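**Student:** Okay, here's the structure, questions in a sec.
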């Protein structure tokens, strides 16, 4: 594509259809694009981990959380 | 299809399978049609111009690498008559106006139409602000007397940079919103079949002795209405064709039926095309202006690249070998038994 076609200008017709370079290209290739994970808002995030049961078939009667909750900043 | 056949030298194809050879390679040509419905999902957008003439548009739309930021920038700049550099598109925040998101090749048409309408509403506000200015010659005249182009407002004989005009007339900025309803609920959608179309062409070689299938050339000819950005559109189709190639020749999730798990659940064992697998790809757009589709005449594009690409390759393998494989991926073990008769 020619430089002329990529020039960022409004002169000479519609901007629709032009092979404009990606406007988000520079931040992506320089690693400065912000991902949702990097947007800090509100209180700190809580992180969870799925723990698989050791018993394939059974009924949950109780979940033992006492030990885990003794750790600082563990939420329940 | 005719355009593709011409460009692809389709006349070199022999209709009798297994009859085109290059040494120990069997060569085949195949093609397949592509069709996608043109959807529009309900979407809304807000747009604001500040005292410096800078425009910020907000939508909760996504850009999954398809170029949404770029085409929305083009649409807003085009609609408002300002340079691309004056536009900032903010996406991906659920506090912004609701859009259809990415999927079903409908993102550009849905979010783009909402943004276009928001920009048109904003432009009307700017024009009204011009006309209500005391002492301006454009006062009480028609809207046609006021134009915004190249970042400047022209009214009557007078031209003023948009930033100057905004500072003078609306230093607090101006806001507008726009929206589009779901296409399925509109009269135009009920009355007209709305689709985008394509034709995929493939040339493959199949090794007589090993059955190894290599794609040599792929061509996609695409009719998806007006193309919003020739570069990002082409990139989308190239990506789709590459995935079509992967589906046809490599990709397979192998299920362990005893334990119900996928055996090859990582990219070491789930094969996707790498550079040396991807041959000479070409994309051609046949532009049309579908005035029933949306204000741009642009239609869904993203999935046309993959739709039909794999089928063209499977047809090319049949043309090369006479072996008709009905199950993707076309691995060498599926063609090898049938090669004995043709590849002597």
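**Student:** Does residue B:114 meet the test of being more than 9 Å from chain A (Cβ to nearest Cβ) and assigned to a helix (DSSP H, G or I)? Steps first, answer last, please.
**Tutor:** Values: more than 9 Å from chain A (Cβ to nearest Cβ): yes; assigned to a helix (DSSP H, G or I): yes.
Taking the combined requirement at face value, the residue satisfies it.
**Student:** Follow-up. State yes or no: is residue B:136 part of a strand (DSSP E or B) and modelled with pLDDT under 90?
**Tutor:** Details: part of a strand (DSSP E or B): no; modelled with pLDDT under 90: yes.
No: the conditions fail for residue B:136.
**Student:** In region B:297-337, what count of residues is obtained for those that are under 30 Å from residue B:225 (Cβ atoms) and not in a helix (DSSP H, G or I)? Give the derivation first.
**Tutor:** Narrowing region B:297-337 to residues under 30 Å from residue B:225 (Cβ atoms): B:297-316, B:328.
From the residues that got through so far, the ones that are not in a helix (DSSP H, G or I) too are B:297-301, B:306-308, B:328.
Counting residues in region B:297-337 that are under 30 Å from residue B:225 (Cβ atoms) and not in a helix (DSSP H, G or I) gives 9.
**Student:** If you don't mind, there's one more thing I want to ask. Those residues that are more than 10 Å from chain B (Cβ to nearest Cβ) and touching a helix residue (DSSP H, G or I) at 6+ places or on another chain (Cβ under 9 Å), I need them from region A:16-34; list them, please.
**Tutor:** A:32, A:33
**Student:** Just the residues that are more than 11 Å from residue A:23 (Cβ to Cβ), more than 19 Å from the chain's Cα centre (by Cα) and not in a helix (DSSP H, G or I), please, taken from region B:61-91.
**Tutor:** B:81, B:82, B:83, B:90
**Student:** Which condition from (1) at pLDDT 95 or above; (2) over 19 Å from residue B:226 (Cα atoms); (3) more than 14 Å from chain A (Cβ to nearest Cβ); (4) not in a loop (DSSP other than H, G, I, E, B) is the one that residue B:97 breaks?
**Tutor:** Going through (1) at pLDDT 95 or above; (2) over 19 Å from residue B:226 (Cα atoms); (3) more than 14 Å from chain A (Cβ to nearest Cβ); (4) not in a loop (DSSP other than H, G, I, E, B) one by one, residue B:97 breaks only (4).
**Student:** On the given criteria, is residue B:186 over 30 Å from residue B:342 (Cβ atoms), in contact with a helix residue (DSSP H, G or I) (Cβ under 6 Å, 6 or more places away or on another chain) and surrounded by fewer than 21 Cβ atoms within 10 Å (Cβ to Cβ)? Can you show your working first?
**Tutor:** Details: over 30 Å from residue B:342 (Cβ atoms): yes; in contact with a helix residue (DSSP H, G or I) (Cβ under 6 Å, 6 or more places away or on another chain): no; surrounded by fewer than 21 Cβ atoms within 10 Å (Cβ to Cβ): yes.
Criteria not met by residue B:186.
**Student:** Can you spot a residue in region B:246-255 that is at pLDDT 90 or above, within 30 Å of residue B:296 (Cα to Cα) and in a strand (DSSP E or B)?
**Tutor:** First, the residues of region B:246-255 that are at pLDDT 90 or above: B:246-255.
Filter once more, keeping what is within 30 Å of residue B:296 (Cα to Cα): none.
Checking region B:246-255: not a single residue is at pLDDT 90 or above, within 30 Å of residue B:296 (Cα to Cα) and in a strand (DSSP E or B).
**Student:** Would you confirm, using the coordinates I've provided, whether residue B:50 is within 14 Å of chain A (Cβ to nearest Cβ) and more than 15 Å from the chain's Cα centre (by Cα)? Quick ask: steps written out before the conclusion?
**Tutor:** Details: within 14 Å of chain A (Cβ to nearest Cβ): no; more than 15 Å from the chain's Cα centre (by Cα): yes.
Considered against the rule, which asks whether it is within 14 Å of chain A (Cβ to nearest Cβ) and more than 15 Å from the chain's Cα centre (by Cα), residue B:50 comes out as no.
**Student:** Between a first residue in region A:63-76 that is surrounded by fewer than 10 Cβ atoms within 10 Å (Cβ to Cβ) and a second residue that is assigned to a helix (DSSP H, G or I), which pairs have beta carbons less than 9 Å apart while being 6 or more apart in sequence or on different chains?
**Tutor:** Taking only residues 6 or more apart or on different chains, the pairs are A:75/A:69; A:76/A:68; A:76/A:69.
**Student:** Would you say residue B:199 is within 14 Å of another protein chain (Cβ to nearest Cβ) and either in contact with a strand residue (DSSP E or B) (Cβ under 9 Å, 6 or more places away or on another chain) or part of a loop (DSSP other than H, G, I, E, B) (or both)? Quick ask: steps written out before the conclusion?
**Tutor:** Numbers: within 14 Å of another protein chain (Cβ to nearest Cβ): no; either in contact with a strand residue (DSSP E or B) (Cβ under 9 Å, 6 or more places away or on another chain) or part of a loop (DSSP other than H, G, I, E, B) (or both): yes.
The answer is no for residue B:199.
**Student:** For region B:66-80, how many residues are at the interface with chain A (Cβ under 8 Å from one of its Cβ atoms) and in contact (Cβ under 8 Å) with a residue 60 or more places away in the chain? Don't jump to the end; show me each part of the working.
**Tutor:** Start the filter on region B:66-80 by keeping residues that are at the interface with chain A (Cβ under 8 Å from one of its Cβ atoms), which leaves B:67, B:69-70, B:73-75, B:77-78.
Still in the list and also in contact (Cβ under 8 Å) with a residue 60 or more places away in the chain: B:67, B:70, B:74-75.
Of the residues in that region, 4 qualify.
**Student:** Which one of the conditions (1) touching a residue at least 40 places away in the same chain (Cβ under 8 Å); (2) within 13 Å of chain A (Cβ to nearest Cβ) does residue B:120 fail to meet, given that it meets all the rest?
**Tutor:** Among (1) touching a residue at least 40 places away in the same chain (Cβ under 8 Å); (2) within 13 Å of chain A (Cβ to nearest Cβ), the lone unmet condition for residue B:120 is (2).
**Student:** Run residue B:256 past the list (1) away from every other protein chain (no Cβ under 14 Å); (2) buried (at least 17 other Cβ atoms within 10 Å of the Cβ) and report the number of the one that doesn't hold.
**Tutor:** It is condition (2) that residue B:256 fails.
**Student:** Of the conditions (1) surrounded by fewer than 24 Cβ atoms within 10 Å (Cβ to Cβ); (2) within 27 Å of residue B:300 (Cα to Cα), residue B:166 clears all except one; give me its number.
**Tutor:** (2)
**Student:** Among (1) modelled with pLDDT of 95 or more; (2) farther than 30 Å from residue B:185 by Cβ; (3) in a helix (DSSP H, G or I), there is one condition residue B:27 misses while meeting the rest; what is its number?
**Tutor:** With (1) modelled with pLDDT of 95 or more; (2) farther than 30 Å from residue B:185 by Cβ; (3) in a helix (DSSP H, G or I) applied to residue B:27, the lone miss is (3).
The values are calculated or read from the model by the stated rules, or taken from the named source; none is laboratory data. Please read all numbers here as calculations on a predicted model, not as lab measurements. Please note: Cβ atoms are built from the backbone with ideal geometry, for glycine as well, and neighbour counts cover all protein chains shown.
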